[in-house]
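The values are calculated or read from the model by the stated rules, or taken from the named source; none is laboratory data. Computed from a predicted model, the values in this text were never measured in an experiment. In this analysis, Cβ positions are derived from the backbone assuming ideal geometry, glycine residues included, and neighbour counts consider all displayed protein chains. Ligands, DNA and RNA are excluded from the accessible area calculation, which covers all protein heavy atoms including side chains. Shrake-Rupley method; radii C 1.70, N 1.55, O 1.52, S 1.80 Å.
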Amino acid sequence: MPNNLEAAIDISAPPEQVWAVVSDLKRMPEFSPQCVRMVQIGSLKAGTWTLNLNRDGRMFWPTTARVVRYEPNRAFAFRINENRAVWSYTLEPTETGTRLIERRDTPNGISWFSRTTAPVVFGSEPSMEDTLTRGMNRTLEKIKQAVEAAA
């Protein structure tokens, strides 16, 4: 069963400003090294579906997701239907702004399809998790830059 992954960064801006950037899903390709496009179907709330296009090098693949947590200025999470991973963003107020935490949880493991194809396509599980963690840190750094540049 894959490990849960987490990355965090401190941003010099209040949670409302961080939320405005993080919850604008059409901007996700601007931040994530793997996301090419993320299209939400309807307004963002618990239950909203998204259509996603992802990339790793020359390989592209589509996914769908459903928002499973939506708490304005605090947190949101979406579950990838194809592999059952839950990606979340949590905002915690700090003395100097906001700590933004990104997580990839697999509370029920990942799907059989992902367990069998991911090692062939992406390499060993530790290698894939290292790539995901590096991507999470890069995503958070880019979000920080965008928020602080606008503040």
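Of the residues that sit in segment 35-47 and are open to solvent by 30 Å² or more (accessible area, probe 1.4 Å) and among the aliphatic types (A, V, I, L, M), which one is farthest from the chain's Cα centre (by Cα)? Looking at the filtered set, the residue picked out is Ile41.
From the list Ile9, Ile101, pick out the single residue that is of a type in the set (Val, Ile, Thr), under 18 Å from Glu148 (Cα atoms) and touching a Lys or Arg at 6+ places or on another chain (Cβ under 7 Å). Working first, answer last.
Details: Ile101 fails: touching a Lys or Arg at 6+ places or on another chain (Cβ under 7 Å).
Being of a type in the set (Val, Ile, Thr), under 18 Å from Glu148 (Cα atoms) and touching a Lys or Arg at 6+ places or on another chain (Cβ under 7 Å) holds for just one of Ile9, Ile101, which is Ile9.
Checking the structure you have, find out if any residue of segment 48-59 is in a loop (DSSP other than H, G, I, E, B) and surrounded by 13 or more Cβ atoms within 10 Å (Cβ to Cβ). Checking segment 48-59: at least one residue is in a loop (DSSP other than H, G, I, E, B) and surrounded by 13 or more Cβ atoms within 10 Å (Cβ to Cβ).
Every condition in (1) free of Cβ contacts under 8 Å to residues at least 60 places away in the same chain; (2) under 19 Å from Asn137 (Cβ atoms); (3) out of contact with any Phe, Trp or Tyr (no Cβ under 7 Å at 6 or more places or on another chain); (4) surrounded by 18 or more Cβ atoms within 10 Å (Cβ to Cβ) is met by Trp87 except one, and the failing one is (3).
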